[in-house]
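Heads up, the thing below is written out as C-alpha coordinates.
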Amino acid sequence: MTDSRYNVIVIGGGIVGLSVALEISRRFPHQKLLVVEKEKRIARHQSGHNSGVIHSGVYYKPGSLKARLCVSGAAAMVQFCSEHGIPHEVCGKIVVATSEDELARLEEIHRRGKANGLSGLSIIGREQLREIEPHSAGLQALIVPSTGITDYALVSAKYAELITANGGTVLTSAEVIGVRRLANEIVVETRRGSFSTLAMINCAGLFSDRISLMAGDDPGLRIVPFRGEYYDLVPERTSLVRALIYPVPDPSFPFLGVHFTRRINGTVDAGPNAVLALAREGYRHSNINLRDVSSCITFSGFWRMARRHWRMGLDEWHRSLSRAAFVRGLQKLVPEIREQDLVPGGSGVRAQALKPDGALVDDFHFVSSGKVLHVLNVPSPAATASLAIGRTIIETAAANLGLS
Ligand SMILES: Cc1cc2nc3c(=O)[nH]c(=O)nc-3n(C[C@H](O)[C@H](O)[C@H](O)COP(=O)(O)OP(=O)(O)OC[C@H]3O[C@@H](n4cnc5c(N)ncnc54)[C@H](O)[C@@H]3O)c2cc1C
(Lines give C-alpha, C1' and ligand atoms only; values in the text may rest on other atoms or scores of the structure.)
Protein backbone atom coordinates (compact mmCIF):
# COMPACT_ATOMS: atom_id res chain seq x y z
CA MET A 1 0.00 0.00 0.00
CA THR A 2 1.19 3.49 -0.77
CA ASP A 3 0.52 6.26 1.71
CA SER A 4 -0.95 9.34 0.13
CA ARG A 5 0.89 12.03 2.16
CA TYR A 6 4.58 12.70 1.80
CA ASN A 7 7.16 15.24 2.86
CA VAL A 8 8.80 15.17 -0.54
CA ILE A 9 7.98 13.71 -3.94
CA VAL A 10 10.61 13.33 -6.64
CA ILE A 11 9.24 13.07 -10.19
CA GLY A 12 11.35 10.85 -12.47
CA GLY A 13 13.03 7.53 -11.82
CA GLY A 14 16.12 8.23 -13.91
CA ILE A 15 19.61 8.36 -12.43
CA VAL A 16 19.25 12.04 -11.44
CA GLY A 17 15.86 11.70 -9.70
CA LEU A 18 17.07 8.58 -7.94
CA SER A 19 20.34 10.21 -6.83
CA VAL A 20 18.42 13.18 -5.42
CA ALA A 21 16.06 10.78 -3.62
CA LEU A 22 18.97 8.70 -2.34
CA GLU A 23 20.57 11.80 -0.86
CA ILE A 24 17.28 12.76 0.84
CA SER A 25 16.82 9.24 2.20
CA ARG A 26 20.34 9.27 3.64
CA ARG A 27 20.26 12.74 5.19
CA PHE A 28 16.64 12.86 6.29
CA PRO A 29 15.58 9.26 6.91
CA HIS A 30 12.54 10.38 8.93
CA GLN A 31 11.06 12.38 6.00
CA LYS A 32 8.45 10.48 3.99
CA LEU A 33 9.81 10.23 0.48
CA LEU A 34 8.19 9.07 -2.76
CA VAL A 35 9.72 8.76 -6.24
CA VAL A 36 7.16 8.54 -9.05
CA GLU A 37 8.17 7.13 -12.43
CA LYS A 38 5.89 6.84 -15.44
CA GLU A 39 7.43 3.69 -16.92
CA LYS A 40 7.02 0.16 -15.61
CA ARG A 41 10.66 0.17 -14.58
CA ILE A 42 13.19 2.80 -13.60
CA ALA A 43 15.97 4.10 -15.91
CA ARG A 44 14.10 3.35 -19.14
CA HIS A 45 15.16 6.56 -20.89
CA GLN A 46 18.43 8.50 -20.85
CA SER A 47 19.77 6.65 -17.82
CA GLY A 48 19.38 3.29 -19.55
CA HIS A 49 20.38 4.43 -23.05
CA ASN A 50 23.78 6.04 -22.82
CA SER A 51 27.45 5.33 -23.50
CA GLY A 52 28.23 4.18 -19.97
CA VAL A 53 31.28 6.42 -19.73
CA ILE A 54 32.44 7.77 -16.37
CA HIS A 55 33.57 11.12 -17.71
CA SER A 56 36.60 12.74 -16.14
CA GLY A 57 35.54 16.40 -16.49
CA VAL A 58 38.21 17.34 -18.99
CA TYR A 59 36.02 19.31 -21.41
CA TYR A 60 33.96 21.60 -19.25
CA LYS A 61 34.44 25.29 -18.58
CA PRO A 62 36.40 25.66 -15.33
CA GLY A 63 34.12 26.75 -12.49
CA SER A 64 30.95 25.54 -14.21
CA LEU A 65 28.63 23.13 -12.43
CA LYS A 66 29.42 20.54 -15.10
CA ALA A 67 33.15 20.81 -14.40
CA ARG A 68 32.87 20.73 -10.62
CA LEU A 69 30.18 18.07 -10.33
CA CYS A 70 31.70 15.86 -13.01
CA VAL A 71 35.12 15.77 -11.36
CA SER A 72 33.78 15.10 -7.88
CA GLY A 73 30.97 12.90 -9.23
CA ALA A 74 33.36 10.69 -11.22
CA ALA A 75 35.40 9.93 -8.10
CA ALA A 76 32.19 9.27 -6.16
CA MET A 77 30.87 7.02 -8.95
CA VAL A 78 34.03 4.88 -9.00
CA GLN A 79 33.85 4.52 -5.22
CA PHE A 80 30.10 3.73 -5.33
CA CYS A 81 30.62 1.04 -7.97
CA SER A 82 33.49 -0.49 -5.95
CA GLU A 83 31.47 -0.47 -2.72
CA HIS A 84 28.42 -2.08 -4.32
CA GLY A 85 30.10 -4.54 -6.64
CA ILE A 86 28.91 -2.81 -9.82
CA PRO A 87 31.13 -3.67 -12.80
CA HIS A 88 33.34 -0.74 -13.76
CA GLU A 89 36.82 -0.03 -15.01
CA VAL A 90 38.99 3.08 -15.07
CA CYS A 91 40.38 2.36 -18.54
CA GLY A 92 41.36 5.91 -19.59
CA LYS A 93 40.59 7.51 -22.92
CA ILE A 94 42.29 9.39 -25.70
CA VAL A 95 41.04 12.47 -27.53
CA VAL A 96 42.56 12.44 -31.02
CA ALA A 97 43.29 15.49 -33.19
CA THR A 98 43.19 14.41 -36.81
CA SER A 99 43.77 17.78 -38.56
CA GLU A 100 45.97 20.81 -38.01
CA ASP A 101 43.03 23.03 -37.06
CA GLU A 102 42.14 20.69 -34.18
CA LEU A 103 45.53 21.03 -32.48
CA ALA A 104 44.76 24.36 -30.80
CA ARG A 105 41.40 22.98 -29.62
CA LEU A 106 43.11 19.90 -28.22
CA GLU A 107 45.49 22.18 -26.33
CA GLU A 108 42.51 24.12 -24.97
CA ILE A 109 40.90 20.90 -23.69
CA HIS A 110 44.22 20.02 -22.05
CA ARG A 111 44.28 23.44 -20.38
CA ARG A 112 40.67 23.07 -19.19
CA GLY A 113 41.37 19.59 -17.83
CA LYS A 114 44.32 20.90 -15.80
CA ALA A 115 42.25 23.85 -14.57
CA ASN A 116 39.56 21.37 -13.49
CA GLY A 117 42.14 19.55 -11.36
CA LEU A 118 42.62 16.38 -13.42
CA SER A 119 45.94 14.63 -13.05
CA GLY A 120 47.91 12.52 -15.49
CA LEU A 121 46.84 14.44 -18.62
CA SER A 122 49.40 14.58 -21.38
CA ILE A 123 49.54 15.34 -25.07
CA ILE A 124 51.26 12.65 -27.11
CA GLY A 125 52.38 12.31 -30.71
CA ARG A 126 51.60 9.79 -33.43
CA GLU A 127 54.05 7.11 -32.24
CA GLN A 128 52.86 7.04 -28.63
CA LEU A 129 49.26 7.08 -29.81
CA ARG A 130 49.96 3.87 -31.75
CA GLU A 131 51.36 2.26 -28.59
CA ILE A 132 48.14 3.01 -26.70
CA GLU A 133 45.62 2.43 -29.50
CA PRO A 134 47.47 0.57 -32.28
CA HIS A 135 44.70 1.09 -34.86
CA SER A 136 44.10 4.78 -34.23
CA ALA A 137 45.62 7.52 -36.35
CA GLY A 138 45.99 11.20 -35.65
CA LEU A 139 48.46 14.03 -35.40
CA GLN A 140 48.34 14.30 -31.63
CA ALA A 141 46.21 12.94 -28.81
CA LEU A 142 45.35 13.88 -25.26
CA ILE A 143 45.53 11.02 -22.76
CA VAL A 144 42.88 11.20 -20.02
CA PRO A 145 43.70 8.39 -17.60
CA SER A 146 40.84 8.96 -15.12
CA THR A 147 37.99 8.21 -17.59
CA GLY A 148 36.14 4.97 -16.91
CA ILE A 149 33.19 2.84 -17.93
CA THR A 150 30.26 1.29 -16.10
CA ASP A 151 26.58 0.43 -16.61
CA TYR A 152 24.30 3.25 -15.45
CA ALA A 153 21.17 1.08 -15.52
CA LEU A 154 22.80 -1.07 -12.82
CA VAL A 155 23.87 2.04 -10.91
CA SER A 156 20.28 3.39 -11.05
CA ALA A 157 18.91 0.04 -9.84
CA LYS A 158 21.28 0.15 -6.86
CA TYR A 159 20.20 3.74 -6.04
CA ALA A 160 16.55 2.56 -6.04
CA GLU A 161 17.38 -0.42 -3.84
CA LEU A 162 19.14 1.83 -1.30
CA ILE A 163 16.29 4.37 -1.30
CA THR A 164 13.85 1.58 -0.45
CA ALA A 165 16.20 0.18 2.20
CA ASN A 166 16.33 3.67 3.74
CA GLY A 167 12.54 3.79 3.99
CA GLY A 168 11.64 5.66 0.77
CA THR A 169 9.18 4.42 -1.86
CA VAL A 170 9.79 4.13 -5.61
CA LEU A 171 6.50 3.87 -7.47
CA THR A 172 6.56 2.89 -11.15
CA SER A 173 3.78 3.10 -13.79
CA ALA A 174 2.89 6.36 -12.04
CA GLU A 175 2.98 9.02 -14.74
CA VAL A 176 2.40 12.49 -13.34
CA ILE A 177 -0.56 14.04 -15.16
CA GLY A 178 -1.22 17.06 -13.00
CA VAL A 179 0.23 19.17 -10.21
CA ARG A 180 -1.91 21.38 -7.99
CA ARG A 181 -0.28 23.86 -5.66
CA LEU A 182 -2.45 24.61 -2.64
CA ALA A 183 -1.70 26.96 0.25
CA ASN A 184 0.17 24.44 2.40
CA GLU A 185 0.68 21.45 0.18
CA ILE A 186 1.20 20.26 -3.36
CA VAL A 187 -1.01 17.59 -4.89
CA VAL A 188 0.73 15.40 -7.44
CA GLU A 189 -1.78 13.55 -9.63
CA THR A 190 -0.52 10.35 -11.21
CA ARG A 191 -1.97 7.42 -13.10
CA ARG A 192 -1.78 5.52 -9.80
CA GLY A 193 -3.61 8.08 -7.74
CA SER A 194 -3.02 11.47 -6.14
CA PHE A 195 -0.41 12.11 -3.48
CA SER A 196 0.00 15.19 -1.38
CA THR A 197 3.40 16.48 -0.45
CA LEU A 198 5.06 19.44 1.23
CA ALA A 199 7.83 19.65 -1.40
CA MET A 200 8.39 18.42 -4.95
CA ILE A 201 11.50 17.93 -7.08
CA ASN A 202 11.05 17.66 -10.83
CA CYS A 203 13.65 15.35 -12.43
CA ALA A 204 11.55 14.34 -15.44
CA GLY A 205 14.35 14.50 -18.00
CA LEU A 206 12.84 14.84 -21.47
CA PHE A 207 9.62 16.16 -19.91
CA SER A 208 11.03 18.45 -17.22
CA ASP A 209 9.80 21.60 -18.99
CA ARG A 210 6.25 20.18 -19.18
CA ILE A 211 6.23 19.21 -15.50
CA SER A 212 7.43 22.74 -14.72
CA LEU A 213 4.47 24.18 -16.67
CA MET A 214 2.12 21.73 -14.91
CA ALA A 215 3.38 23.14 -11.61
CA GLY A 216 2.60 26.66 -12.78
CA ASP A 217 6.21 27.70 -13.42
CA ASP A 218 7.29 28.96 -16.84
CA PRO A 219 10.63 27.18 -17.36
CA GLY A 220 11.82 29.89 -19.78
CA LEU A 221 13.25 27.23 -22.06
CA ARG A 222 12.19 24.22 -24.10
CA ILE A 223 13.52 20.67 -24.02
CA VAL A 224 14.68 19.60 -27.47
CA PRO A 225 15.27 15.88 -28.04
CA PHE A 226 18.51 14.89 -29.78
CA ARG A 227 18.72 11.22 -30.68
CA GLY A 228 22.12 9.54 -30.45
CA GLU A 229 22.44 6.45 -32.65
CA TYR A 230 25.06 3.75 -32.23
CA TYR A 231 26.60 1.04 -34.36
CA ASP A 232 28.14 -2.04 -32.75
CA LEU A 233 31.45 -3.40 -33.99
CA VAL A 234 31.11 -7.02 -35.06
CA PRO A 235 32.88 -9.29 -32.51
CA GLU A 236 35.78 -10.16 -34.83
CA ARG A 237 36.67 -6.44 -35.19
CA THR A 238 36.39 -5.26 -31.57
CA SER A 239 40.16 -5.70 -31.32
CA LEU A 240 40.47 -2.45 -33.31
CA VAL A 241 39.68 -0.55 -30.11
CA ARG A 242 41.30 -1.11 -26.72
CA ALA A 243 39.41 1.47 -24.64
CA LEU A 244 37.81 4.81 -25.60
CA ILE A 245 38.76 6.85 -28.69
CA TYR A 246 37.20 10.31 -29.03
CA PRO A 247 37.52 13.09 -31.62
CA VAL A 248 38.17 16.71 -30.70
CA PRO A 249 34.64 18.08 -30.17
CA ASP A 250 33.18 21.08 -31.96
CA PRO A 251 33.16 23.79 -29.25
CA SER A 252 29.95 25.38 -30.57
CA PHE A 253 27.98 22.20 -29.89
CA PRO A 254 27.43 20.47 -26.52
CA PHE A 255 27.97 16.96 -27.93
CA LEU A 256 31.28 15.13 -28.05
CA GLY A 257 31.23 13.78 -31.61
CA VAL A 258 30.96 10.09 -32.59
CA HIS A 259 33.53 8.02 -30.78
CA PHE A 260 34.47 4.44 -30.07
CA THR A 261 33.48 3.07 -26.67
CA ARG A 262 34.44 -0.25 -25.17
CA ARG A 263 31.52 -1.21 -22.96
CA ILE A 264 31.83 -2.77 -19.56
CA ASN A 265 30.45 -6.02 -21.06
CA GLY A 266 33.35 -6.13 -23.55
CA THR A 267 31.47 -5.08 -26.69
CA VAL A 268 32.59 -2.01 -28.64
CA ASP A 269 30.29 0.54 -30.20
CA ALA A 270 30.61 3.64 -32.31
CA GLY A 271 28.46 6.72 -31.83
CA PRO A 272 26.37 8.44 -30.74
CA ASN A 273 25.57 11.03 -33.37
CA ALA A 274 23.18 13.88 -32.49
CA VAL A 275 20.09 13.98 -34.68
CA LEU A 276 17.09 16.19 -33.92
CA ALA A 277 14.39 13.67 -32.97
CA LEU A 278 10.76 14.05 -34.01
CA ALA A 279 9.54 12.68 -30.66
CA ARG A 280 10.88 13.17 -27.16
CA GLU A 281 11.11 9.42 -26.80
CA GLY A 282 11.90 8.95 -30.48
CA TYR A 283 14.40 6.12 -30.51
CA ARG A 284 13.87 5.49 -34.25
CA HIS A 285 13.39 7.67 -37.33
CA SER A 286 9.83 6.41 -37.61
CA ASN A 287 8.85 7.72 -34.15
CA ILE A 288 7.00 10.97 -34.73
CA ASN A 289 4.96 12.73 -32.05
CA LEU A 290 3.02 15.72 -33.31
CA ARG A 291 2.79 17.37 -29.88
CA ASP A 292 6.57 17.12 -29.50
CA VAL A 293 7.23 18.43 -33.02
CA SER A 294 4.83 21.29 -32.47
CA SER A 295 6.42 22.16 -29.13
CA CYS A 296 9.74 22.57 -30.97
CA ILE A 297 8.60 24.51 -34.00
CA THR A 298 6.37 26.91 -32.08
CA PHE A 299 9.30 27.92 -29.88
CA SER A 300 11.17 30.96 -31.21
CA GLY A 301 14.48 29.60 -29.92
CA PHE A 302 14.15 26.59 -32.18
CA TRP A 303 14.31 28.72 -35.35
CA ARG A 304 17.19 30.76 -33.97
CA MET A 305 19.06 27.52 -33.22
CA ALA A 306 18.20 26.19 -36.69
CA ARG A 307 19.62 29.34 -38.34
CA ARG A 308 22.82 28.96 -36.33
CA HIS A 309 23.36 25.21 -36.65
CA TRP A 310 21.54 24.19 -39.85
CA ARG A 311 24.67 22.92 -41.55
CA MET A 312 25.63 20.75 -38.59
CA GLY A 313 22.00 19.53 -38.38
CA LEU A 314 21.97 18.47 -42.03
CA ASP A 315 25.34 16.70 -41.66
CA GLU A 316 23.99 14.76 -38.68
CA TRP A 317 20.85 13.72 -40.60
CA HIS A 318 23.00 12.65 -43.54
CA ARG A 319 25.25 10.58 -41.29
CA SER A 320 22.17 9.11 -39.66
CA LEU A 321 20.66 8.00 -42.96
CA SER A 322 23.91 6.88 -44.62
CA ARG A 323 26.09 4.24 -43.00
CA ALA A 324 28.87 5.16 -45.48
CA ALA A 325 28.88 8.76 -44.19
CA PHE A 326 28.91 7.52 -40.57
CA VAL A 327 31.88 5.26 -41.36
CA ARG A 328 33.78 8.08 -43.10
CA GLY A 329 33.57 10.05 -39.82
CA LEU A 330 34.88 7.07 -37.86
CA GLN A 331 37.73 6.43 -40.31
CA LYS A 332 39.33 9.69 -39.22
CA LEU A 333 39.91 8.05 -35.84
CA VAL A 334 40.44 4.43 -36.92
CA PRO A 335 41.26 4.29 -40.65
CA GLU A 336 40.88 0.50 -40.91
CA ILE A 337 37.19 0.54 -39.99
CA ARG A 338 34.89 -0.58 -42.84
CA GLU A 339 31.12 -0.52 -43.33
CA GLN A 340 30.94 -4.31 -42.94
CA ASP A 341 32.56 -4.02 -39.47
CA LEU A 342 29.44 -2.32 -38.11
CA VAL A 343 25.92 -3.47 -37.35
CA PRO A 344 23.17 -1.13 -36.17
CA GLY A 345 23.15 -0.80 -32.38
CA GLY A 346 20.84 0.97 -29.95
CA SER A 347 20.03 4.61 -29.53
CA GLY A 348 19.30 7.11 -26.79
CA VAL A 349 17.56 10.48 -26.74
CA ARG A 350 19.19 13.41 -24.97
CA ALA A 351 17.10 16.03 -23.19
CA GLN A 352 18.76 19.29 -24.18
CA ALA A 353 17.37 22.58 -22.94
CA LEU A 354 17.12 25.38 -25.49
CA LYS A 355 16.85 29.08 -24.64
CA PRO A 356 14.53 31.51 -26.45
CA ASP A 357 17.60 33.15 -28.02
CA GLY A 358 18.48 29.88 -29.76
CA ALA A 359 21.40 28.97 -27.48
CA LEU A 360 21.65 25.42 -26.18
CA VAL A 361 21.94 25.57 -22.39
CA ASP A 362 25.46 24.42 -21.72
CA ASP A 363 25.61 23.99 -17.96
CA PHE A 364 23.44 21.99 -15.56
CA HIS A 365 20.42 24.13 -14.70
CA PHE A 366 18.18 23.92 -11.61
CA VAL A 367 15.43 26.40 -10.74
CA SER A 368 13.63 26.64 -7.44
CA SER A 369 10.16 28.05 -6.94
CA GLY A 370 8.87 27.97 -3.38
CA LYS A 371 8.75 24.36 -2.22
CA VAL A 372 9.33 23.10 -5.75
CA LEU A 373 12.65 22.55 -7.49
CA HIS A 374 12.96 21.93 -11.22
CA VAL A 375 16.00 20.13 -12.64
CA LEU A 376 15.80 21.50 -16.16
CA ASN A 377 19.09 20.67 -17.86
CA VAL A 378 21.16 17.66 -16.87
CA PRO A 379 22.65 16.27 -20.08
CA SER A 380 25.93 14.36 -20.22
CA PRO A 381 27.94 14.06 -17.97
CA ALA A 382 24.99 13.93 -15.55
CA ALA A 383 25.07 10.14 -15.17
CA THR A 384 28.72 10.38 -14.11
CA ALA A 385 27.96 13.37 -11.89
CA SER A 386 24.69 12.01 -10.47
CA LEU A 387 25.86 11.48 -6.89
CA ALA A 388 27.40 14.96 -6.82
CA ILE A 389 24.26 16.46 -8.40
CA GLY A 390 22.05 14.84 -5.75
CA ARG A 391 24.31 16.08 -2.98
CA THR A 392 24.52 19.64 -4.35
CA ILE A 393 20.79 19.96 -4.94
CA ILE A 394 19.96 18.82 -1.44
CA GLU A 395 22.71 20.88 0.21
CA THR A 396 21.53 24.05 -1.50
CA ALA A 397 17.77 23.46 -1.54
CA ALA A 398 17.02 21.50 1.65
CA ALA A 399 16.05 24.58 3.67
CA ASN A 400 13.80 25.95 0.89
CA LEU A 401 12.14 22.58 0.48
CA GLY A 402 11.48 22.42 4.21
CA LEU A 403 13.72 19.38 4.72
CA SER A 404 15.48 19.35 8.04
C1 LIG B 1 22.96 8.77 -26.17
C2 LIG B 1 23.39 9.25 -24.80
C3 LIG B 1 24.69 9.00 -24.35
C4 LIG B 1 25.08 9.45 -23.09
N5 LIG B 1 26.31 9.09 -22.60
C6 LIG B 1 26.65 9.43 -21.34
C7 LIG B 1 27.85 8.97 -20.76
O8 LIG B 1 28.59 8.18 -21.35
N9 LIG B 1 28.17 9.40 -19.51
C10 LIG B 1 27.38 10.25 -18.80
O11 LIG B 1 27.73 10.62 -17.69
N12 LIG B 1 26.21 10.69 -19.32
C13 LIG B 1 25.82 10.27 -20.54
N14 LIG B 1 24.62 10.68 -21.06
C15 LIG B 1 23.78 11.56 -20.28
C16 LIG B 1 23.02 10.83 -19.18
O17 LIG B 1 22.52 9.59 -19.62
C18 LIG B 1 21.89 11.74 -18.72
O19 LIG B 1 22.43 13.00 -18.42
C20 LIG B 1 21.18 11.21 -17.48
O21 LIG B 1 20.78 9.88 -17.69
C22 LIG B 1 19.98 12.08 -17.18
O23 LIG B 1 19.27 11.44 -16.15
P24 LIG B 1 17.81 11.91 -15.80
O25 LIG B 1 17.40 11.15 -14.60
O26 LIG B 1 17.75 13.40 -15.77
O27 LIG B 1 16.94 11.52 -17.10
P28 LIG B 1 16.17 10.19 -17.47
O29 LIG B 1 16.99 9.00 -17.31
O30 LIG B 1 15.59 10.44 -18.84
O31 LIG B 1 15.02 10.12 -16.39
C32 LIG B 1 13.88 10.93 -16.38
C33 LIG B 1 12.73 10.06 -15.96
O34 LIG B 1 11.57 10.84 -15.79
C35 LIG B 1 10.47 10.03 -16.16
N36 LIG B 1 9.32 10.89 -16.45
C37 LIG B 1 9.18 11.75 -17.48
N38 LIG B 1 7.96 12.32 -17.43
C39 LIG B 1 7.34 11.82 -16.32
C40 LIG B 1 6.05 12.01 -15.77
N41 LIG B 1 5.15 12.83 -16.31
N42 LIG B 1 5.74 11.32 -14.65
C43 LIG B 1 6.63 10.47 -14.06
N44 LIG B 1 7.85 10.24 -14.59
C45 LIG B 1 8.21 10.91 -15.70
C46 LIG B 1 10.97 9.29 -17.39
O47 LIG B 1 10.21 8.14 -17.69
C48 LIG B 1 12.40 8.99 -16.99
O49 LIG B 1 12.55 7.71 -16.41
C50 LIG B 1 24.18 10.21 -22.30
C51 LIG B 1 22.88 10.44 -22.75
C52 LIG B 1 22.47 9.94 -23.98
C53 LIG B 1 21.05 10.12 -24.39
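The values are calculated or read from the model by the stated rules, or taken from the named source; none is laboratory data. Small disclaimer: the values here were computed from a predicted structure and weren't measured. So basically every Cβ, Gly included, is an ideal-geometry build from the backbone, and we count neighbours across all protein chains shown.
Just to be sure before I move on: is S347 within 16 Å of the ligand (Cβ to nearest atom), in contact with a His (Cβ under 9 Å, 6 or more places away or on another chain), in a strand (DSSP E or B) and under 28 Å from L233 (Cβ atoms) in the structure I sent?
yes
Only one of S404, S380 is in a loop (DSSP other than H, G, I, E, B), hydroxyl-bearing (S, T, Y) and under 27 Å from Q31 (Cα atoms); which? Quick ask: steps written out before the conclusion?
Working: S380 fails: under 27 Å from Q31 (Cα atoms).
When all the criteria are applied, what remains is S404.
Would a scan of the range 271-294 turn up a residue that is closer than 27 Å to L154 by Cβ, in a helix (DSSP H, G or I) and of a type in the set (A, V, I, L, M, F, W, C)?
Taking every residue of the range 271-294 in turn, none turns out to be closer than 27 Å to L154 by Cβ, in a helix (DSSP H, G or I) and of a type in the set (A, V, I, L, M, F, W, C).
Exactly one condition in (1) farther than 30 Å from G73 by Cα; (2) basic (K, R); (3) in a strand (DSSP E or B) is not met by R311; state its number.
It fails just one condition, (3).
Can you name the number of the only condition in (1) in contact with a Gly (Cβ under 9 Å, 6 or more places away or on another chain); (2) under 30 Å from A97 (Cβ atoms); (3) in contact (Cβ under 8 Å) with a residue 60 or more places away in the chain; (4) within 14 Å of the ligand (Cβ to nearest atom) that V248 fails?
Single failed check for V248: (4).
Could you say which residue among S47, S4 is of a type outside the set (D, E) and within 16 Å of the ligand (Cβ to nearest atom)?
Testing whether each residue is of a type outside the set (D, E) and within 16 Å of the ligand (Cβ to nearest atom) leaves just S47.
Would you say A75 is surrounded by fewer than 23 Cβ atoms within 10 Å (Cβ to Cβ), under 29 Å from G266 (Cβ atoms) and among the small types (G, A, S)?
Criteria met by A75.
Which residue is farthest from the ligand (Cβ to nearest atom), if the candidates are limited to the range 204-238 and must be assigned to a loop (DSSP other than H, G, I, E, B) and touching a strand residue (DSSP E or B) at 6+ places or on another chain (Cβ under 7 Å)?
Looking at residues that are assigned to a loop (DSSP other than H, G, I, E, B) and touching a strand residue (DSSP E or B) at 6+ places or on another chain (Cβ under 7 Å), I get V234.
Which pairs turn up if I take residues in the range 38-60 that are without any contact (Cβ under 8 Å) to a residue 12 or more places away in the chain and look for partners that are more than 7 Å from the ligand (Cβ to nearest atom) with beta carbon separation below 7 Å, at least 6 apart in sequence or on another chain?
Cβ pairs passing all conditions: none.
Can we say V334 is more than 16 Å from the ligand (Cβ to nearest atom), buried (at least 18 other Cβ atoms within 10 Å of the Cβ), among the hydrophobic types (A, V, I, L, M, F, W, C) and in a helix (DSSP H, G or I)? Give the steps one after another, and end with the answer.
On the way: more than 16 Å from the ligand (Cβ to nearest atom): yes; buried (at least 18 other Cβ atoms within 10 Å of the Cβ): yes; among the hydrophobic types (A, V, I, L, M, F, W, C): yes; in a helix (DSSP H, G or I): no.
No; evaluated as a whole, the condition is false for this residue.
Inspect all residues belonging to the range 355-369 and state whether any of them is within 15 Å of the ligand (Cβ to nearest atom), in contact with a helix residue (DSSP H, G or I) (Cβ under 9 Å, 6 or more places away or on another chain), of a type in the set (S, T, N, Q) and at pLDDT 95 or above.
No: zero hits.
Give the number of residues within the range 60-77 that are within 17 Å of N116 (Cα to Cα) and part of a helix (DSSP H, G or I).
The qualifying residues number 12.
Looking only at the range 208-233, filter to residues that are of a type in the set (A, V, I, L, M, F, W, C) and over 20 Å from R319 (Cβ atoms); which one of those is surrounded by the fewest Cβ atoms within 10 Å (Cβ to Cβ)?
Here the answer is L213.
Working carefully through the options L342, L401, L387, L376, find the one that is away from the ligand (no atom under 16 Å from the Cβ), modelled with pLDDT of 95 or more and crowded, with 19+ Cβ neighbours inside 10 Å.
From the options L342, L401, L387, L376, the qualifying one is L342.
Identify all residues within the range 78-88 that are assigned to a helix (DSSP H, G or I) and either within 17 Å of the chain's Cα centre (by Cα) or crowded, with 17+ Cβ neighbours inside 10 Å (or both); write none if there are none. Break it down stepwise before answering.
Initially, the range 78-88 is screened for residues assigned to a helix (DSSP H, G or I), giving 78-83.
Those that are assigned to a helix (DSSP H, G or I) and either within 17 Å of the chain's Cα centre (by Cα) or crowded, with 17+ Cβ neighbours inside 10 Å (or both): V78, F80, C81.
Within the bounds of the range 331-344, is there any residue that is under 21 Å from the mean Cα position of the chain (by Cα), of a type outside the set (A, V, I, L, M, F, W, C) and under 26 Å from A43 (Cβ atoms)?
Checked against the condition, which is being under 21 Å from the mean Cα position of the chain (by Cα), of a type outside the set (A, V, I, L, M, F, W, C) and under 26 Å from A43 (Cβ atoms), the range 331-344 yields no hits at all.
Report the residue count in the range 89-111 for those that are farther than 16 Å from P247 by Cα and under 22 Å from the mean Cα position of the chain (by Cα).
The qualifying residues number 3.
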